[in-house]
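To start, the structure under review is shown below, and the notes come after it.
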Amino acid sequence: MPIELISALVGLILTLMVFSYLIGDNPLFRIAVYLFIGVASGYAATVVWHYVLVPKLFQSVSTLNPLALIPFVFGISLLAKLSPRIAWIGNFAMAVLVGVGAAAAVGGALLGTLMPQAQAAIDGFDVLSAGSGLELASRLLEGVIMLGGTVFTLASFHFSAGRAADGIPKRNRILEGIAWVGRIFIAITLGVLFAGVYMSALTAMIERLSFVLNFIRQLIGF
(Lines give C-alpha, C1' and ligand atoms only; values in the text may rest on other atoms or scores of the structure.)
Protein backbone atom coordinates (compact mmCIF):
# COMPACT_ATOMS: atom_id res chain seq x y z
CA MET A 1 0.00 0.00 0.00
CA PRO A 2 1.59 3.34 -1.01
CA ILE A 3 2.42 5.86 1.68
CA GLU A 4 0.13 8.46 0.05
CA LEU A 5 -2.86 6.16 0.46
CA ILE A 6 -1.96 5.40 4.08
CA SER A 7 -1.59 9.09 4.96
CA ALA A 8 -4.87 9.91 3.22
CA LEU A 9 -6.63 7.09 5.08
CA VAL A 10 -5.23 8.27 8.43
CA GLY A 11 -6.34 11.82 7.62
CA LEU A 12 -9.81 10.58 6.75
CA ILE A 13 -10.13 8.62 9.99
CA LEU A 14 -8.93 11.54 12.12
CA THR A 15 -11.26 13.93 10.31
CA LEU A 16 -14.25 11.67 10.95
CA MET A 17 -13.18 11.32 14.59
CA VAL A 18 -13.20 15.10 14.97
CA PHE A 19 -16.54 15.42 13.18
CA SER A 20 -17.97 12.85 15.61
CA TYR A 21 -18.19 15.69 18.12
CA LEU A 22 -21.32 16.78 16.24
CA ILE A 23 -23.21 13.97 17.98
CA GLY A 24 -21.72 14.84 21.36
CA ASP A 25 -18.56 14.33 23.35
CA ASN A 26 -17.28 10.80 22.82
CA PRO A 27 -14.06 8.74 23.15
CA LEU A 28 -13.22 9.04 19.43
CA PHE A 29 -13.18 12.83 19.61
CA ARG A 30 -11.10 12.81 22.79
CA ILE A 31 -8.57 10.43 21.20
CA ALA A 32 -8.25 12.80 18.22
CA VAL A 33 -7.74 15.76 20.57
CA TYR A 34 -5.12 13.84 22.58
CA LEU A 35 -3.29 12.94 19.37
CA PHE A 36 -3.34 16.56 18.22
CA ILE A 37 -2.03 17.85 21.56
CA GLY A 38 0.65 15.16 21.68
CA VAL A 39 1.85 15.78 18.13
CA ALA A 40 1.82 19.56 18.63
CA SER A 41 3.77 19.25 21.91
CA GLY A 42 6.29 16.90 20.31
CA TYR A 43 6.77 19.24 17.35
CA ALA A 44 7.23 22.24 19.67
CA ALA A 45 9.77 20.34 21.77
CA THR A 46 11.67 19.30 18.64
CA VAL A 47 11.79 22.88 17.35
CA VAL A 48 12.99 24.17 20.74
CA TRP A 49 15.68 21.48 20.92
CA HIS A 50 17.07 21.87 17.39
CA TYR A 51 16.65 25.63 16.89
CA VAL A 52 17.05 27.05 20.41
CA LEU A 53 18.83 24.80 22.90
CA VAL A 54 21.41 23.14 20.62
CA PRO A 55 22.60 26.16 18.57
CA LYS A 56 22.17 28.89 21.17
CA LEU A 57 23.07 27.08 24.39
CA PHE A 58 24.92 23.79 24.07
CA GLN A 59 27.11 24.78 21.13
CA SER A 60 27.96 28.09 22.79
CA VAL A 61 28.88 26.31 26.03
CA SER A 62 30.96 23.74 24.15
CA THR A 63 33.01 26.55 22.59
CA LEU A 64 33.72 27.89 26.10
CA ASN A 65 31.89 31.15 25.44
CA PRO A 66 31.63 32.84 28.86
CA LEU A 67 28.45 34.72 27.92
CA ALA A 68 26.71 31.42 27.23
CA LEU A 69 27.15 30.41 30.86
CA ILE A 70 24.56 32.99 31.95
CA PRO A 71 21.55 31.45 30.13
CA PHE A 72 22.91 27.99 30.94
CA VAL A 73 22.94 28.72 34.68
CA PHE A 74 19.51 30.38 34.49
CA GLY A 75 18.11 27.39 32.61
CA ILE A 76 19.50 24.93 35.15
CA SER A 77 18.15 27.00 38.05
CA LEU A 78 14.66 26.89 36.54
CA LEU A 79 14.72 23.11 36.87
CA ALA A 80 14.69 23.66 40.63
CA LYS A 81 11.05 24.75 40.28
CA LEU A 82 10.21 21.05 39.93
CA SER A 83 10.82 20.59 43.66
CA PRO A 84 9.02 22.81 46.21
CA ARG A 85 11.96 22.54 48.64
CA ILE A 86 14.51 24.15 46.33
CA ALA A 87 12.12 26.15 44.17
CA TRP A 88 13.58 29.40 45.53
CA ILE A 89 16.75 28.78 43.52
CA GLY A 90 14.89 29.54 40.29
CA ASN A 91 13.19 32.70 41.57
CA PHE A 92 15.81 35.05 40.14
CA ALA A 93 15.75 33.42 36.71
CA MET A 94 11.94 33.47 36.76
CA ALA A 95 11.97 37.16 37.70
CA VAL A 96 14.30 37.93 34.79
CA LEU A 97 12.13 35.88 32.45
CA VAL A 98 8.92 37.64 33.52
CA GLY A 99 10.57 41.08 33.43
CA VAL A 100 11.98 40.59 29.94
CA GLY A 101 8.67 39.16 28.74
CA ALA A 102 6.73 42.11 30.16
CA ALA A 103 9.16 44.59 28.61
CA ALA A 104 8.90 42.85 25.25
CA ALA A 105 5.08 42.88 25.47
CA VAL A 106 4.95 46.58 26.36
CA GLY A 107 7.49 47.44 23.68
CA GLY A 108 5.61 45.38 21.11
CA ALA A 109 2.31 47.04 22.01
CA LEU A 110 3.86 50.51 21.82
CA LEU A 111 5.83 50.07 18.60
CA GLY A 112 3.53 47.57 16.89
CA THR A 113 0.09 48.90 17.85
CA LEU A 114 -0.10 52.34 19.48
CA MET A 115 2.46 54.15 17.32
CA PRO A 116 1.17 52.73 14.00
CA GLN A 117 -2.40 53.52 15.09
CA ALA A 118 -1.45 57.10 15.92
CA GLN A 119 0.43 57.42 12.64
CA ALA A 120 -2.58 56.06 10.73
CA ALA A 121 -4.82 58.64 12.41
CA ILE A 122 -2.36 61.40 11.45
CA ASP A 123 -2.05 60.19 7.87
CA GLY A 124 -5.81 60.41 7.53
CA PHE A 125 -5.49 64.23 7.54
CA ASP A 126 -2.73 64.31 4.94
CA VAL A 127 -4.69 66.42 2.46
CA LEU A 128 -1.60 67.22 0.40
CA SER A 129 -1.43 63.69 -1.00
CA ALA A 130 -5.17 63.63 -1.67
CA GLY A 131 -6.83 65.08 -4.71
CA SER A 132 -9.72 67.48 -4.65
CA GLY A 133 -13.47 67.32 -4.37
CA LEU A 134 -14.92 63.93 -3.48
CA GLU A 135 -11.54 62.30 -2.89
CA LEU A 136 -10.50 65.02 -0.44
CA ALA A 137 -13.80 64.79 1.44
CA SER A 138 -13.51 60.99 1.63
CA ARG A 139 -9.96 61.30 2.92
CA LEU A 140 -10.98 63.78 5.62
CA LEU A 141 -13.96 61.64 6.66
CA GLU A 142 -11.71 58.60 6.95
CA GLY A 143 -9.24 60.60 9.02
CA VAL A 144 -11.98 61.85 11.36
CA ILE A 145 -13.32 58.32 11.90
CA MET A 146 -9.81 56.94 12.46
CA LEU A 147 -8.89 59.69 14.94
CA GLY A 148 -12.23 59.54 16.73
CA GLY A 149 -12.10 55.77 17.01
CA THR A 150 -8.58 55.92 18.43
CA VAL A 151 -9.35 58.64 20.99
CA PHE A 152 -12.73 57.23 22.04
CA THR A 153 -11.35 53.70 22.40
CA LEU A 154 -8.45 54.87 24.56
CA ALA A 155 -10.86 56.96 26.65
CA SER A 156 -12.99 53.88 27.36
CA PHE A 157 -10.04 52.47 29.35
CA HIS A 158 -9.83 55.56 31.59
CA PHE A 159 -11.28 54.40 34.90
CA SER A 160 -10.60 57.34 37.25
CA ALA A 161 -13.74 58.64 38.90
CA GLY A 162 -14.66 61.19 41.52
CA ARG A 163 -17.10 60.78 44.38
CA ALA A 164 -20.60 62.12 43.95
CA ALA A 165 -22.76 63.61 46.70
CA ASP A 166 -24.07 60.18 47.64
CA GLY A 167 -20.53 58.86 48.01
CA ILE A 168 -20.69 56.57 44.97
CA PRO A 169 -17.74 56.95 42.58
CA LYS A 170 -18.90 58.33 39.23
CA ARG A 171 -17.03 59.38 36.15
CA ASN A 172 -17.49 62.71 34.46
CA ARG A 173 -20.53 62.69 32.15
CA ILE A 174 -18.54 63.91 29.17
CA LEU A 175 -15.88 61.26 29.73
CA GLU A 176 -18.58 58.63 30.23
CA GLY A 177 -20.18 59.59 26.91
CA ILE A 178 -16.82 59.42 25.13
CA ALA A 179 -16.14 56.02 26.72
CA TRP A 180 -19.58 54.79 25.58
CA VAL A 181 -18.73 55.68 21.97
CA GLY A 182 -15.35 53.98 22.45
CA ARG A 183 -17.09 50.79 23.54
CA ILE A 184 -19.04 50.87 20.28
CA PHE A 185 -15.77 50.92 18.35
CA ILE A 186 -14.48 48.06 20.50
CA ALA A 187 -17.64 46.04 19.85
CA ILE A 188 -17.30 46.61 16.10
CA THR A 189 -13.66 45.52 16.22
CA LEU A 190 -14.46 42.37 18.18
CA GLY A 191 -17.28 41.60 15.75
CA VAL A 192 -14.92 41.88 12.79
CA LEU A 193 -12.36 39.68 14.53
CA PHE A 194 -15.00 37.09 15.35
CA ALA A 195 -16.19 37.13 11.75
CA GLY A 196 -12.61 36.56 10.59
CA VAL A 197 -12.17 33.64 12.98
CA TYR A 198 -15.51 32.19 11.90
CA MET A 199 -14.58 32.46 8.23
CA SER A 200 -11.23 30.78 8.88
CA ALA A 201 -12.94 27.92 10.72
CA LEU A 202 -15.54 27.62 7.96
CA THR A 203 -12.80 27.51 5.32
CA ALA A 204 -10.98 24.77 7.24
CA MET A 205 -14.22 22.77 7.56
CA ILE A 206 -14.94 23.09 3.83
CA GLU A 207 -11.41 21.93 3.04
CA ARG A 208 -11.81 18.87 5.28
CA LEU A 209 -15.19 17.99 3.79
CA SER A 210 -13.75 18.34 0.30
CA PHE A 211 -10.89 16.05 1.30
CA VAL A 212 -13.28 13.40 2.61
CA LEU A 213 -15.47 13.53 -0.50
CA ASN A 214 -12.51 13.39 -2.90
CA PHE A 215 -10.98 10.46 -1.01
CA ILE A 216 -14.24 8.50 -1.12
CA ARG A 217 -14.62 9.23 -4.84
CA GLN A 218 -11.09 7.95 -5.49
CA LEU A 219 -11.79 4.75 -3.56
CA ILE A 220 -14.95 3.93 -5.45
CA GLY A 221 -13.37 4.88 -8.79
CA PHE A 222 -15.25 8.07 -9.70
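The values are calculated or read from the model by the stated rules, or taken from the named source; none is laboratory data. Here the structure is a predicted model, which means the values were calculated and not measured. Here Cβ is always computed from backbone atoms with ideal geometry, including for glycine, and neighbour counts include all displayed protein chains. Ligands, DNA and RNA are stripped out before the accessible areas are found, and what is left, the full protein with its side chains, is counted by its heavy atoms. Shrake-Rupley method; radii C 1.70, N 1.55, O 1.52, S 1.80 Å.
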Worksheet, complete the sentence: What helix-only [θ] at 222 nm does the chain give? Using -39500 (n - 2.57) per DSSP H run of at least 4, over all residues, to the nearest 500, the answer is -23000 deg cm²/dmol
Discussion item. Solvent-accessible area of T189, probe 1.4 Å, all protein chains present, reported in Å² to the nearest ten, please.
Written reply: 80 Å²
Worksheet, complete the sentence: Here the convex hull volume per residue of region 1-103, taken over Cα atoms and given in Å³, is 205 Å³
Worksheet entry | Per residue solvent-accessible surface (Å²) - the chain, probe of 1.4 Å | 75 Å²
Discussion item. Please list, by residue number, everything in region 25-44 whose backbone N is under 15 Å from a paramagnetic label point 7 Å out along Cα→Cβ of A204.
Written reply: 32-41
Worksheet item: If you average 1/r over all unlike Cα pairs in the chain and invert the result, what Kirkwood radius do you get in angstrom?
Response: 24.7 Å
Fill in: Cα→Cβ-extended label distance, 7 Å offset, between I13 and F215, nm
1.0 nm
Worksheet item: Got a number for carbon plus sulfur as a percent of the chain's accessible area, 1.4 Å probe?
Response: 76 percent
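Expressed in nm to one decimal, what extension gain is obtained for the pair Q119 and V48 from 0.36 nm per residue of sequence separation less their Cα-Cα distance?
Contour length minus Cα-Cα distance gives 21.9 nm.
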Worksheet entry | Bins of 10 Å, starting at 0 and running to the largest distance - Cα pair percent for region 60-131 | 17, 24, 22, 15, 11, 9, 2, 0
Practice prompt. Could you check the simple spin-label distance between A87 and Y34, using points 7 Å along Cα→Cβ, in nm with one decimal?
Written response: 2.8 nm
Worksheet item: When the chain is fully extended, how far beyond the present Cα-Cα distance does F72 get from E142, taking 0.36 nm per residue of separation?
Response: 20.0 nm
